[in-house]
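So the structure is just underneath, and the comments pick up after that.
The values are calculated or read from the model by the stated rules, or taken from the named source; none is laboratory data. The shown structure was predicted, so the numbers you read here are calculated from the model rather than taken from an experiment. When we count neighbours, we look across all protein chains shown, and the Cβ atoms used for this are built from the backbone with ideal geometry, even at glycine. Calculation scope for accessible area: heavy atoms of the full protein, side chains included, ligands and nucleic acids excluded. Shrake-Rupley method; radii C 1.70, N 1.55, O 1.52, S 1.80 Å.
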Amino acid sequence: MPSTKAEEPERRQGRRWHGGLARFLGIVPGRQAEIYLQLVRATTLRDGNHWLLILFAAGIATLGLILNSPAVIIGAMLISPLMGPILAAGLALAAGDLVLGLRAGLNLVASCALAIGFAVLLTAVLPFKEMTAEIAARTQPTTLDFVIALLSGLVGSVAICKDAREVATSIPGVAIAVALMPPLCVVGYGAGYALTVDAAQGLRVAQGGGLLFLTNLIAITFTAMVVFLAVRLDGESVRAKVLDWYRQDGESAFLRGLFVRFPALERRGPIGSLPVRVATVVTSIALLLIPLSRSFSQLRHETERQREENRILSVARSVWQERFGRLPTGEPRSFIEHMTLKKGSGQTELVLSVFTSEPCAEAEKSLYTDLVAARLGRSTDSLALQLIEIPTARAALKAKRDELAVPPPPPPPPGVAQLHGKLEQRLSSGLRGLRLPPEAEPLGFQASVRPGEPLALTLAYLADQDIGADAAALIAGAVRDRLGEEPGMKVSLERSPRSLGLLTFARRDGALTREARDLLDTAGEELERWPALRAEIALPPDGGSTAGAEGRVQAVREYLATRWRIDSGRLGTAADPGRRAMALNLRLLAPAW
């Protein structure tokens, strides 16, 4: 229908606005059709390179997540080709292109299924499936993740609109900002974990990763639609070129043939009206924000709780130093060695470990509680005090007090590494003095903590044979008794062999054989894992004088130093009258507990 005179100025103003925005973004004339066709080609199902990149990116991301390696995960982000189909979905919504929408949807579904399936396979095959910090960070998305995804979608949409030479410089940053593949691989990890270890925990992880991927998908699609609408990629000249390409492309011709078979699709033409398409995306965003807002609220409450605990600890330390730190003569009386909080029903218990030269009377303890409560603006009944006093000589106390002349700032909330360090200290203290059978020497321990699961503790020992089942049960019971505050704790034992086998060398040049390198790799893993171990080459009786023996020992040293970075001081030699060839053994320098 021809436009009226009143409508014409408004249309010209819209064209000028869109043209100005396109120039601002650096979209030269004719570039719109190139962008459109570039995104259409990105949705093809016949590009073998696309599926290989999906497999490679999924494998690298899954291994990076399980190994807790941010650098490896970033590498997977750079490889992943998922951004193209998602931007194409945004363009389909902007232009009302049903063919492009179907192409993008099929490509995305197939790509996600391939990535998740490969991640499930890797997780099921790998012998270790610990939930790392990188995995946990992608299981509880919040509204902040949605905002990041919106900004990432804007970056990606604007980058694809640039001149072709400028796109190459923008793609790495866009790929890292978008981070589409890691959440998909978290879904696969959760599914693999559910199939092989714990169904409930694995499904929770998969659900969190799926929510993060859905957040990125919807946010990027929405911002892409807004940008492509703003630069008018659906102009008449662009549509004409795209239709010509559709007629020549086999996949597009097949999809257009469906419209002929289903008249309802043909009557739809473009995907509904623009208000309907926008309303659909906005509704999806509104539904998505419900779980994201809930997670954000939990994060905020946790932050507020930690801030309040820091405030209580700071006030408690300050009051103690002001009123009980010195005697009336000015000499040091006490200082706080450690302080923690315990939350109860309607009451906060303040636990203080104090070095003191003069114990506190009951009246002083009550006074301290009253002072702390008053400074916090709380009732005295809401606070309880558990005071652990460690008697100390006054001279030693003064020296320690001088070190703490300036009160330290409130400690930050403990991170994952700090919590893990405290757990290791507690376990080391609890295992001290634990006895193993005479033929076994303690190497160390490894603790595994998963959310919602009891502590899993593995004790490693050096021995020629496995500890018997009865002895292992007694040891596990003794460990549980020593660490009785860990309900449901799982205890297992793991042996490292003392004797690893014979070292073989090539007859001609004395170089290490493949079997010898495999043996040294086993030794390198053990030495890297347990710092208290030392490798020892058992030499035959004439080993010190046999020609080439010194060179062979040096070859072993260089291999361990080069491949495993094992210091040469951790590899020694010893004569063994019962041997005719060199052998490699492991020896413990000092027991682990």
Express in nm, to one decimal, how much length is gained between Leu121 and Glu236 on full extension, taking 0.36 nm for each residue of separation and deducting their alpha carbon distance. 36.7 nm
What figure, in Å² to the nearest 10, do you get for the accessible area of Asp509 with a 1.4 Å probe and non-protein molecules left out? 110 Å²
What accessible area, in Å² to the nearest ten, does a 1.4 Å probe give for Arg534? 50 Å²
Using a simple spin-label model with points 7 Å from Cα along the Cα→Cβ vector, what separation in nm is obtained for Arg529 and Glu349? 3.9 nm
Just reorder Tyr36, Tyr559 by solvent-accessible area, largest first, 1.4 Å probe, all chains present. Tyr559, Tyr36
Considering only protein heavy atoms, what is the solvent-accessible area of Lys490 at a probe of 1.4 Å, reported in Å² to the nearest 10? 120 Å²
Gap separating the Cα centres of region 90-133 and region 198-233, nearest whole Å: 11 Å
Checked region 106-148 against the a/c 1.5 cut and the a/b vs b/c comparison, axes a ≥ b ≥ c from its Cα gyration tensor; verdict oblate
If I stretch the segment between Glu331 and Glu130 completely, what's the gain in nm (0.36 nm per residue apart, minus their alpha carbon distance), one decimal? 67.2 nm
Taking amide H positions as placed 1.01 Å from N in the peptide plane, with prolines and chain starts having none, which residues 5 or more places from Thr356, or on another chain, fall under 5 Å of its amide H? Ile390, Thr392
Once Glu515 and Gln321 are pulled to full extension, the length gained, defined as 0.36 nm per residue separation minus their Cα-Cα distance, is 63.4 nm
Send over a whole-number figure in Å² for the accessible area per residue of region 502-593, probe 1.4 Å. 59 Å²
Would you mind computing, in nm to one decimal, how far apart the modelled labels at Glu550 and Arg565 are, each placed 7 Å from Cα along Cα→Cβ? 3.1 nm
The simple spin-label model distance between Leu589 and Asp370, using points 7 Å out along Cα→Cβ, in nm, is 5.7 nm
